[in-house]
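Q: Here it is, the structure, as C-alpha cells.
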Amino acid sequence: MVEKEVEICEEIVYGKIESSLWGTLEAKGVNPNIIDLMEDALSSSVDFYHTKKGDEFKLIYENKYVDGQLTGMGRLLAACYINDNTANYSILYKSKDYEGYFDAEGRPAKKSFLKAPVRFTRISSNYNLHRFHPIKGKTIPHLGTDYAAPYGTEIRAVSDGTITASSYTGGNGNFVKIKHDKVYDTQYLHMSRFAKGIRPGVRVKQGQTIGYVGATGLATGPHVCFRFWKNGVQVNHLKEKLPPPQPMNMKELPNFFEYRDKILLKLNDIQAEKNTFASISHKESPVLKP
C-alpha cells in the first residue's frame, strides 16, 4: 500500500437559470450533492420551489483530489443566490465560539422557519383564494401551498414546536399540526403515514421528520399541503416577514466581517461566462492506495 496525499481545491462556479436550477447545475458539471448543501445553507432565505429563469447563483466549495483524480467533495464554503434583485448570502464561518453558516450581517443562516416542509422538488399549487378544486369541481379557496414530491418523501417540521394534532380526516387525510409559539402554527396534510413517535404533546425540532408524503384524503397525487397560521388566521407563508435571528456577539463581528469581505471578493470576482478553479494550500491526511 502507498500513501497518497489528498489535495483540497476550491471550485468557484457561477450559473444563471435558463430552465431549472437542477438543469443549470448539471449542465455545468456540478456534483448533484452540491444542491443539497446549497439548500441547507440557504434553506431559510431562499424558496427553491420558486426559482425562475434569470435567477443567478455563485458557489465556492471544495473538491478532493488524489494524483489529480477527483475522489470526493468537501465543504460548501459560501453560497450566493440572487433573485428579485436581492443577493442572499450564506458563509461558512468557524471560530472558538461560533461554527456554521451565517448571512452577510453575521446572523445565523438558519432562521426560525424553513421556507418549505420538504426538500427541493417542485411546487404544484400556490396559496389561492380562488382555486378551482380538481375533485369537488367548484371554486374553493386554497389556503395552503402544495409541494409535489414522490410517495414516501420525508416531511419536515419547519420550526421547533409542539405537536397539537396527528390524525385523519376525510379531506385532510393523515395530517400533523404543530404549535410553534403564541403567534404561529403550521399544518401538514395528505401524509401516507406519520413518523415514529409523532403524537400530540411531543416536542419536535426544526428539520425533524414528522411524516411522509402521500395522497390520503382529497388529493389527486402525492404531495403535502402546507398550511401556515398567524394569530389563528391562515396566511400565505411565502409572504410573511418573519423576524431575523440575532447576529453573533459584537466582539466576534469584526473577525467575521474581515473573513466575510475576503469571501465576498471571491464571489464578486466570479466570471459570469465561465467557471474558475483555484487550489488552496491545506492538505488532508494521506490515504492508502494499493
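The values are calculated or read from the model by the stated rules, or taken from the named source; none is laboratory data. Since the structure is predicted, the reported quantities are computational estimates derived from the model, not experimental observations. Note: ideal-geometry Cβ built from the backbone for every residue, glycine included; neighbour counts use all protein chains shown. Side chains included, ligands, DNA and RNA excluded: accessible areas come from the protein's heavy atoms. Shrake-Rupley method; radii C 1.70, N 1.55, O 1.52, S 1.80 Å.
Q: Identify the residue in segment 46-65 that is hydrophobic (A, V, I, L, M, F, W, C) and not in a loop (DSSP other than H, G, I, E, B) and, among all such residues, is modelled with the lowest pLDDT.
A: The residue in question is 48.
Q: With the structure loaded, tell me whether residue 231 is modelled with pLDDT of 90 or more, exposed (fewer than 14 other Cβ atoms within 10 Å of the Cβ), over 23 Å from the mean Cα position of the chain (by Cα) and not aliphatic (A, V, I, L, M) or whether it fails that test.
A: yes
Each row is one residue, and each column tells you yes or no for (1) under 28 Å from residue 108 (Cα atoms); (2) modelled with pLDDT of 95 or more; (3) open to solvent by 50 Å² or more (accessible area, probe 1.4 Å).
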site: 197; (1), (2), (3): no, yes, no
site: 203; (1), (2), (3): yes, yes, yes
site: 216; (1), (2), (3): no, yes, no
site: 222; (1), (2), (3): no, no, no
site: 245; (1), (2), (3): yes, no, no
site: 257; (1), (2), (3): yes, yes, yes
site: 260; (1), (2), (3): yes, yes, no
site: 282; (1), (2), (3): yes, no, yes
site: 290; (1), (2), (3): no, no, yes
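Q: Just to verify a result, which residue in segment 51-65, among those that are open to solvent by 10 Å² or more (accessible area, probe 1.4 Å) and not charged (D, E, K, R), is farthest from residue 267 (Cα to Cα)?
A: For segment 51-65, the residue satisfying everything is 65.
Q: Can you give me the number of residues within segment 76-107 that are farther than 23 Å from residue 249 by Cα and free of Cβ contacts under 8 Å to residues at least 24 places away in the same chain?
A: Matching residues across segment 76-107 total 4.
Q: Right, another one. Looking at (1) outside any strand (DSSP E or B); (2) under 26 Å from residue 234 (Cβ atoms); (3) at pLDDT 85 or above, which one does residue 165 not meet, given that it meets all the others?
A: (1)
Q: Please go through segment 1-43 and pick out each residue that is polar (S, T, N, Q), loosely packed, with under 13 Cβ neighbours inside 10 Å and outside any helix (DSSP H, G or I).
A: 19
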